[in-house]
Every structure is written in C-alpha cells, then in structure tokens.
Amino acid sequence: MSTLKTVLVTGGAGFIGSAVIRLLMAETDVRVVNVDKLTYAASGTALRDIEDSNRYVFEQADITDAAALNRIFGTHDPDAVMHLAAESHVDRSIDGPEDFIQTNIVGTFRLLQAARQHLDTLDKARAAAFRFHHISTDEVFGSLGDDGMFTEETGYDPRSPYSASKASSDHLVRAWGETFGLPIVVSNCSNNYGPFHFPEKLIPLMIIKGLRGEPLPVYGDGQNVRDWLYVEDHARALWTVLSQGVAGESYNIGGHNEMANLTVVETICDLLDRHAPPLAGGRSRRDLIAFVTDRPGHDFRYAIDAAKIERELGWTPRETFESGIEKTVKWYLEREDWWGPLATRTGLSRVGTTGKTG
C-alpha cells in the first residue's frame, strides 16, 4: 500500500502524462499537481473530466524555470515526482534539436535540483518514502538487429537528437541519485499509442489520413520494427513503479507487441475499412499507402524485455495490439472534435526527412 499523498506530475497535459493523471484520479486517493508548459503537444481537453476535482491542481510552468519550480515545490509539498515533461517527437528533433536540449536536459537538471532542495525539507520518514520517477524511452538504447531485446543492462547508444537528449537526462537522474542521495527510479518504455495521441505521430496520423482518404506516408520500406504499448497499460505500469519500485532501480516497460511499421499501417487500414465510411469506388485504404524517403538515423528495431517489472512488481499489459489498436481507431472515429483542430493547426505533415516540414 502506497503512503504517497501528493504526486507532482510534469508534462501532465501531454499524451502519456494525461493518461497517468486520469489513472491516479480514478484508481488512487493521491492529490495530483500537474506542472505543464502547455506547448503545441498539450491537450486542452484530455483532463476535462477531472479538472474541477479538489484533488487536482494545475500549474502552468516551464521546467527550465528554477524559480517557478521552487515555488511549486514549496507550495504543494509533494511526496513524489513523476517526470514526463519532454520534447518527444524524433522528427522534430531532427529539424530543431535545441528545444530538446533545453527541455529534456536543462529542464531535467532544474527539476532534479528543485527536488533535491525539497528533499532536504522533509522529515526522515517522508524523505525515505520520497521518489523521483524519471520516465524515459527505449530509444536511448539505440537500434537492434533481427534478434535480441533491450534489458535494463543494455548499454546506451542513442542515434537521434531526441534519444540523445533523453539518454542525457537518464544519466543526470542516476547521477543525482548516486551523488546526492535523491531516491530515484527510472523507467524506459516502448512506443505508446491510444486516445489523445498527438496527430503527428505514426498511428494517429495514419488513422486521420486514412479516414480522410489521403496518402499514407510510410518511411523507407516500412520494415522498421517497434514494440507497441497501449497508453493506459503504460500509465498503470508507471504508478506501479512509483508506488512499489525500489529506489535506484530501472524498469523496462513494453507491450510484447513487436510489429513492422507497414504491418501497423495495414492493420489501421483494415480497421478503417471495417468501421469508417467507405472510400469512393469502394477502394481499400491499403491503396493509400505511399512509401517516402526514410528519415535520417531511423533505428531499425526496438524490442523491450519487460521481465523485471513483471517478476518484481507484478505488472503485465492488459491489452494486446489487436485489442488496443481497435479501441484506438474507434476512439479517433468518435473524437474528431478533439483531433480536428490539432490536425488543421499542424497540417498533418511528417517532418525530419529533408530538414524541412512536409
């Protein structure tokens, strides 16, 4: 049973962060402080159902702002931090890496400093129970060949500005644990998908373009492999790590759903053909698939070995890819009110192939 009373969540208006907060509000009794800058990727409605709760507080702040962080820690006196705030889109990191350096590295440093200072104000019992949970990605491990899986002992080998910035933040978190005694836990996850996923990412992009009958751009030959994790399964895993994980440990979180990108897109096409209005002439949406120039540094394969979190903390995913992707497609079919304005604003282009959007 967790003794945590107040949890500070950074990036809580984002895709994974909002899923975490919805879970915390629905399945625990903790008080949640959501710290978010509200960048382009934030959702204004993902937390609408809980924003009036007396257990929920929103603080609009940039995690690179040390003064704002110190004020927030002093005001809300958290028992734990779940650090999800990050620039996360690989393509955008290719076109504009500086934001990734600032948010993912400098921002993590500032947050660690604020948490360290806050830890010094806690009594012995609360300090022992305090946790700083850093949420990261499997992309820090680099690229796999046809065989093997990432474990918690896999060496780091980041290949993109995004993954390099996340690798840097992972190292900072572990260093603050070793050097300053900050009680940290780190988790590295595979690719997430599900409701409220920003439209520029692969799965929502394919759903929306397929629904509209537009070309479906697939990088290279579509054989790059990812391990897919339903976002609500990930949210449960993150709470499990925070509330049960051992300080100083790392936990890999994966969905046991390795799949080539082309197979993912073809699955989405088939679900849209089944559940959405038909295309003109009764064409299959598979006919919309268009192979485009691969992006620079495109890792071939990611695969997570999640045996440790299953063995030590008892977490396993509830959704298969088949069940999760059908739920996701149906959600997007029902929620054009959410993604429509975002799609209009972003133009639904894939970036990172030539140094320019489009």
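Read-outs throughout are calculated quantities, based only on the coordinates presented, and are distinct from any laboratory measurement. For clarity, every value in this text was computed on a predicted model and none was experimentally measured. Every residue, glycine as well, gets a Cβ built from its backbone with ideal geometry; the counts of neighbours run over all protein chains shown.
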Practice prompt. Report, ordered by chain and residue number, the lysines lying within cross-link reach of K209, taken as a straight Cα distance under 22 Å and ignoring same-chain residues fewer than 8 apart.
Written response: K201, K327, K330, K356
Worksheet item: When the dipole is taken about the Cα centre of segment 53-166, and only Lys, Arg (+1) and Asp, Glu (-1) are charged at their Cβ, what size is it in debye, to the nearest 20?
Response: 640 debye
Discussion item. Less than 19 Å apart at the alpha-carbon level, and either on another chain or at least 8 residues along: which lysines does that give for K124?
Written reply: K5
Response to the item:
Computed Rg/Rh for segment 137-219 (Cα atoms; Rh = Kirkwood radius) stands at 1.10
Worksheet entry | Sparsely packed trypsin sites (Lys or Arg not before Pro) within segment 40-117, loop by DSSP, other Cβ within 10 Å at most 12 | R48
Worksheet entry | segment 110-196: GluC sites (Glu not before Pro) in DSSP coil with no more than 10 other Cβ atoms inside 10 Å | E153
Discussion item. Please list, ordered by chain and number, the residues whose modelled amide H lies under 5 Å from the amide H of A61; skip anything fewer than 5 residues away on the same chain.
Written reply: D36, K37
Worksheet item: So what is the 222 nm mean residue ellipticity for the chain from helices alone, if each DSSP H run of at least 4 adds -39500 (n - 2.57) and you divide by all residues, rounding to the nearest 500 deg cm²/dmol?
Response: -12000 deg cm²/dmol
Worksheet, complete the sentence: The relative contact order of the chain, taking Cα pairs under 8 Å that sit 6 or more residues apart, comes to a percentage of 19 percent
Practice prompt. Write down the Kirkwood hydrodynamic radius of the chain, to one decimal in angstroms, obtained as one divided by the mean of 1/r over all alpha carbon pairs.
Written response: 20.8 Å
Item to complete: Any aspartates and glutamates with Cα under 18 Å of the K37 Cα? List them, leaving off those in the same chain fewer than 8 positions away.
Response: E51, E59, D62, D65, E87, E98, D99
Response to the item:
quick note, the chain, DSSP beta bridge pairs, % antiparallel (nearest 5) is 10 percent
Practice prompt. Apply 1/(1 + (r/R0)^6) to the Cβ-Cβ distance of T45 and V246, taking R0 = 30 Å, and write down the FRET efficiency to the nearest 0.05.
Written response: 0.25
